1. Per 0.36 nm of contour for each residue apart, how much would the distance between Glu482 and Glu400 grow if the chain were fully extended, relative to their Cα-Cα spacing?
2. Please give the FRET efficiency for Phe270 paired with Lys209, using the beta carbon to beta carbon distance and R0 = 25 Å, rounded to the nearest 0.05.
3. Can you compute the modelled spin-label distance between Thr121 and Glu229, with each label point 7 Å from Cα toward Cβ, in nm?
4. Describe numerically, in nm with one decimal, the distance between label points set 7 Å from Cα along Cα→Cβ at Leu307 and at Cys221.
5. When ranked by the protection proxy of mean other Cβ atoms within 10 Å per residue, highest first, what sequence do the peptides 205-211, 277-283, 310-316 form?
6. Just to verify a number: what accessible area does Leu149 come out at with the full protein assembly present, 1.4 Å probe, Å² rounded to tens?
7. Would you mind classifying the stretch 302-463 by shape? Square roots of the alpha carbon gyration tensor eigenvalues, ordered a ≥ b ≥ c; an a/c under 1.5 is rounded, otherwise it is prolate if a/b is larger than b/c and oblate if not.
8. For Lys397, go through the aspartates and glutamates and keep the ones whose alpha-carbon is under 18 Å away, minus same-chain ones fewer than eight residues off.
Amino acid sequence: MAAESKSLTVAVPLLVTLFLNSLTPKFYVALTGTSSLISGLIFIFEWWYFHKHGTSFIEQVSVSHLRPLMGGTESSISEPGSPSSNRESETSRQNLSECKVWRNPLNLFRGAEYRRYTWVTGKEPLTYYDMNLSAQDHQTFFTCDTDFLRPSDTVMQKAWRERNPPARIKAAYQALELNNDCATAYVLLAEEEATTIVDAERLFKQALKAGETIYRRSQQCQHQSPQHEAQLRRDTNVLVYIKRRLAMCARKLGRIREAVKIMRDLMKEFPPLTMLNIHENLLESLLELQAYADVQAVLAKYDDISLPKSAAICYTAALLKTRTVSDKFSPETASRRGLNTAEINAVEAIHRAVEFNPHVPKYLLEMKSLILPPEHILKRGDSEAIAYAFFHLQHWKRIEGALNLLQCTWEGTFRMIPYPLEKGHLFYPYPSCTETADRELLPTFHHVSVYPKKELPFFIHFTAGLCSSTAMIALLTHQFPEIMGVFAKAVSMISRTCVEYL
């Protein structure tokens, strides 16, 4: 066996040397040119894949396919009851909760706003993933197990599952033919068929009239059976949804005080439905009225350590503190005399908001262009930043000096959290899953904001170096084929000597 291995050690480099000696200079030129082209194509593909998916293709293939073949995963297997497996399960549960997608409290109307945008620009502002989530929401909110008892509700149950908008609208009209007081049919028509906010409001008022009648009827029968309780929950969801959308119609049509009243009444009448985040609609309307004392009162109730945060809460709190000092703030004066107590509070509030969602400042400072917000958002992600800035940018512009103070101070946040994925300052570490979820929620024509900025993977540097070196060798071989042929033979001889020595 030793003699066979020794003979192979001598034979392989000898065959390589004989092959290289038999090559002509023209073949060297063709060989180096081809290798340069291949490495260039690999580099271009690797660069495109990284910008599209946020990871290296070569690295992903290596980890996913080559590493298991080489036995690299065996060492990472832990016992079910071990501390390492417990930590991994806790981390996975935390990532799942952090990457939960929420309904956008200020989502636009499909027919009156999203579709009009498509008519004007020819671009689709909503992704299939986002619309599919909305379809699931509608089935959860607007259907129940007793729908088969009413033919109109049976039709609407199928309508919410339809993917084609014309088919949904057609089903809504069929439900109205069966029952002229079908509230959910009016809701669907208001959302998807109405082309103006005025038309949407008219249909929602018809839905409100029908919804209140059904709700009162369900209240009287709620204790008869579990099915009647489920029906009451469904009818409650429908009524709350209708009133909320009517409040949003009033806000968009300039009747802001009316909108505020509807929202306050909803929050008093249905306090358990805080998960719908109606207070965020209320905050935006109160800011439009410049009722800053009322805004502070709402924040005092919802900006609590035990309640989930949002960009609307954190940045509104920062805006209120900024408002007290922004009109007289000057970077030169502050650097000379230092910050006073009010300015320190404002800067700390900005840092807190930026730590929660670092994508928002670029939209508020108009360093990045806005698009229509999606119907669902990911908290702390780019989708939430777009939804917040789309409605609140005007409120920051209205307060003199607020954007100036934000521009001077927001980047200071990152000095306090040098490793945001590992450790936060006031919040949990920034979730690493936001980029993937935001790419699903936001349209392809939008450049997704990524935080923290990812360094280029090793394999992009490697393919760039390989492309450059092979291109240089190809150029030298084309210009000096004889010399490069001699050089290649010399390299092969040195390689053979090294292999024989080993």
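1. Numbers: separation 82, 0.36 × 82 = 29.52 nm, distance 7.30 nm.
22.2 nm is the gain from fully extending Glu482 to Glu400.
2. Details: r = 19 Å, r/R0 = 0.75.
So the FRET efficiency works out to roughly 0.85.
3. 4.7 nm
4. In this crude label model, Leu307 to Cys221 measures out at 3.6 nm.
5. Details: 205-211: 20.0, 277-283: 22.6, 310-316: 25.3.
Put in order of decreasing packing, that is 310-316, 277-283, 205-211.
6. Accessible surface of Leu149 is approximately 110 Å².
7. Working: a/c = 1.70, a/b = 1.45, b/c = 1.17.
The shape class here is prolate.
8. Glu284, Glu288, Asp327, Glu366
The values are calculated or read from the model by the stated rules, or taken from the named source; none is laboratory data. Fair warning: this is a prediction, and the values are worked out from it, not measured in the lab. Heads up, the Cβs are rebuilt from the backbone with ideal geometry, glycines too, and the neighbour counts pull from every protein chain shown. Remember, those area values only see protein heavy atoms, side chains included, never the ligands or the DNA or RNA. Shrake-Rupley method; radii C 1.70, N 1.55, O 1.52, S 1.80 Å.
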